[in-house]
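This report refers to the structure that appears directly beneath it.
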Ligand code: SF4
């Protein structure tokens, strides 16, 4: 199958698993060990061009130039927040679709160490249709390939390579600390490509990121939560809950009508039992919607017995849907209730509000601009 496609189109290296790249080497008449060298150049050295792979023989580099390409994204727009701690990039894909990714810097006030987190998209648009999400209002266009997911991360790693003053010893950790699949799209609805991308993030031949460095956020696709528990991948699961009753959650996150809370919490418990990893619950607080003390009490009851931590987020305003973030004061009260009941709870203020860093907002504006006469 791979060889057939070679005849008509160049192979995109970022779309290949380790085994597929080894097969490609065989097809080119090269030893399979060349695959390891290429992976090292791409994932450790962040090479963007075959010419940078100077350790490969000139003939292999020539073959690669003739039969392959590395990446597939083109930067269309970049916005940097006023505090320079958040950058959002809009990428153009080969078929003229667009996706967004966000880079966030966090400095630990105690240790002074910097965390660099890249939030990547897994789909163009999204079919889940969460009411408070700009991507959800765009509808679903298509899944991203494994390479299109990974290229978003490599784009920022190449940036770090240019920026860092630290000595680089072929270790990605010098440039990137965390990857979150929390951008446009529902990752578990693009199951195979997302699993392959995470496998490459985990692989010692790829980026070598551990489970505490990769987070996958889902709106709650119950069958896929059960399935991915058995894949042997290393990542943290985050479930976007946003409500503790079926009535409210079905309004905010329509997939709840298909997979109601009882099924979702049961699948989460099953995931925790099988992977021996706790999960994160994401809860965006919206003013007058899901931020009352009654909502907090309901949440405590729902999560009773679930090994989890909660991330409370002050949601981004979506003018078309009349959603406004809860006030900080309300959020603190909500957090205190959860902590008092013994649930580890962090409150996160959303980043980059001045650069449309909410999921899908930059693309929404881009689409509106493109449709103007
Ligand atoms: S919040 Fe996530 S799952 Fe919901 S519509 Fe937006 S992208 Fe899709």
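The values are calculated or read from the model by the stated rules, or taken from the named source; none is laboratory data. Given the structure is predicted, the values throughout are model-derived calculations rather than measurements. Glycine gets a Cβ as well: all are built from the backbone with ideal geometry, and neighbour counts include every protein chain shown.
Within segment 271-290, residues that are in contact (Cβ under 8 Å) with a residue 60 or more places away in the chain reach partners that are in a loop (DSSP other than H, G, I, E, B) with beta carbons closer than 7 Å, at six or more positions or on different chains, in the pairs 282/241; 284/132; 284/242; 284/315; 286/132; 286/315; 286/324; 286/326.
Kindly check whether there is at least one residue in segment 67-76 that is surrounded by fewer than 20 Cβ atoms within 10 Å (Cβ to Cβ) and out of contact with any strand residue (DSSP E or B) (no Cβ under 9 Å at 6 or more places or on another chain). No, segment 67-76 contains no residue that is surrounded by fewer than 20 Cβ atoms within 10 Å (Cβ to Cβ) and out of contact with any strand residue (DSSP E or B) (no Cβ under 9 Å at 6 or more places or on another chain).
A single entry from 55, 112, 71, 125 fulfils the requirement of being more than 16 Å from the ligand (Cβ to nearest atom) and modelled with pLDDT of 90 or more: 55.
Annotation: of all residues in segment 259-288 being under 13 Å from residue 308 (Cβ atoms) and within 14 Å of the ligand (Cβ to nearest atom), the one that is farthest from the chain's Cα centre (by Cα) is 264.
What residue, of 202, 190, is away from the ligand (no atom under 16 Å from the Cβ) and buried (at least 19 other Cβ atoms within 10 Å of the Cβ)?
Working: 190 fails: away from the ligand (no atom under 16 Å from the Cβ).
Just a single option satisfies the conditions, and that option is 202.
The single condition from (1) at pLDDT 95 or above; (2) surrounded by 22 or more Cβ atoms within 10 Å (Cβ to Cβ); (3) assigned by TED's automatic domain parsing to the domain that holds residue 254 that residue 88 fails is (1). Within segment 178-187, restricting attention to residues that are modelled with pLDDT of 95 or more and more than 22 Å from residue 139 (Cβ to Cβ), the residue that is farthest from the ligand (Cβ to nearest atom) is 179. Meeting the requirement of 3 or more residues that are in contact (Cβ under 8 Å) with a residue 40 or more places away in the chain, the strands (runs of 3 or more DSSP E) wholly within segment 178-249 are 178-181, 236-240. Here 56, 14 are screened, and the one residue that is outside the structural domain of residue 155 (by TED's automatic domain parsing), part of a loop (DSSP other than H, G, I, E, B) and surrounded by 17 or more Cβ atoms within 10 Å (Cβ to Cβ) is 56. Per the conditions (1) part of a helix (DSSP H, G or I); (2) within 16 Å of the ligand (Cβ to nearest atom); (3) within 21 Å of the chain's Cα centre (by Cα), the sole criterion not satisfied by residue 256 is (3).
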